[in-house]
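Notes follow the structure.
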Amino acid sequence: MPFTPQIIYLDSVPSTNTEAARRAQAGAPEGVTVVANEQTAGRGRLDRHWVSPPNAGLYASIVFRPALKLELWTLIPLMAAVSVREALIDSCDLDTDIKWPNDIITGERKLCGILAETIDTKIGRAAILGIGINLTSAAFPAPLRDVATSVEEATGKTPNRESLLNSLLSAVESRYEELHSGDGGAKIIAKWTANSSYANGKKVLVTSEEMSFEGLTRGLERDGALRVETDNGETIIVRAGDVARLRSSVRD
Ligand code: BTN
């Protein structure tokens with residue numbers, strides 16, 4: 001069945017991801033998209049909190065029922081990052097970068113985060129894709145000003161949430177279809193790589209629960225994991241954790 005977006009607008013929910021998962025458990029079809037004005041318990045990657053005050057961000061979660069080999073499911077959040085990037089160009093005329101695995105950044109400050117979760121439902125496994133875009137700088141607390149930004153700050157214009165959501169769903173529809181096509185995984189990896197300054201040759205600090213190390217990025221594995229070459233020439237495949245840019249010189 002083709003991906004058909006069906007938007008459900010709510011005022012305030014703990015988390016649109018939790019609400020979309022609840023609806024998927026109850027049989028919601030692929031394409032159901034829960035959007036809220038506010039989240040009172042928004043969730044981020046690595047068990048972090050996602051601050052979501054009223055009308056300051058686009059908080060949306062999409063239900064997918066992918067007809068994909070399981071090894072391609074890890075590419076869903078990367079496909080989403082590529083889609084958000086396209087939607088920001090289309091709706092807000094804003095060019096952004098993608099930081100591994102799926103943060104959307106501009107000027108090295110984060111504008112959007114993506115949280116993908118898989119759940120088992122009575123009619124099969126589903127993926128819930130949560131997207132949080134800072135529309136105005138009221139979306140994040142003042143102490144995060146050095147590391148976060150918003151569409152309004154980046155463009156000097158107040159974005160239209162509905163227009164951005166429509167662009168986003170239309171980009172998701174195209175990229176999701178592409179992921180299902182022949183060689184779909186390779187096509188999404190290629191698009192991600194072409195649009196991320198983090199894909200190759202970026203000096204980064206990798207931090208995860210198990211380790212912390214520095215190295216140069218060397219592209220993505222077929223499942224979206226990041227290859228990082230350390231100073232001693234060893235290549236480490238990173239599947240979880242955070243990546244931060246390191247300056248290689250004072251001019252960087
Ligand atoms: C990250 O840590 O970067 C991911 C943040 C994801 C936030 C979005 S907002 C809509 C959806 N609902 C949630 O509770 N989280 C995601």
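Please treat every number below as a calculation from the coordinates, not as lab data. It should be emphasised that the depicted structure is a prediction, and the values quoted were computed from it without experimental measurement. Using ideal geometry, Cβ is built from the backbone for each residue, glycine included, and neighbour counts are taken over all protein chains shown.
Quick rundown of the values:
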| quantity | calculated |
| --- | --- |
| Positive-end residue of N195, A225, L179, charge dipole of segment 120-252 with Cβ unit charges | N195 |
| Listed residue (L129, I105, L70) projecting farthest to the positive dipole end of segment 65-135, Cβ model | L70 |
| Cα centroid of segment 134-165 to Cα centroid of segment 42-60, whole Å | 13 |
| Rel. contact order, % - alpha carbon contacts under 8 angstrom, at least six apart, segment 140-222 | 17 |
| Beta bridge orientation in the chain: antiparallel %, DSSP, nearest 5 | 85 |
| Mean Cα-pair separation over length for segment 1-116, i.e. relative contact order, pairs under 8 Å, 6 or more apart, % | 20 |
| Net dipole in debye of the chain [+1 Lys, Arg Cβ; -1 Asp, Glu Cβ; about Cα centre; nearest 20] | 100 |
| Viscosity 0.692 mPa s, temperature 37 °C, Stokes-Einstein D of segment 97-252 from Kirkwood C-alpha radius, µm²/s | 188 |
| Highest-fluctuation residue, R48, R23, R125 considered, GNM on the chain with Cα pairs under 10 Å | R48 |
| Positive minus negative residues near V13 (Lys, Arg vs Asp, Glu; Cβ under 9 Å) | -3 |
| Set of lysines with alpha-carbon distance to K203 below 23 Å, sequence-local pairs under 8 removed | K99, K110, K191 |
| Coil-residue trypsin sites (Lys or Arg not before Pro) of segment 136-178, DSSP, other Cβ within 10 Å capped at 12 | R145, K157 |
| Within a Gaussian network of the chain (alpha carbon springs, distance under 10 Å), most fluctuating of N102, N55, N232 | N232 |
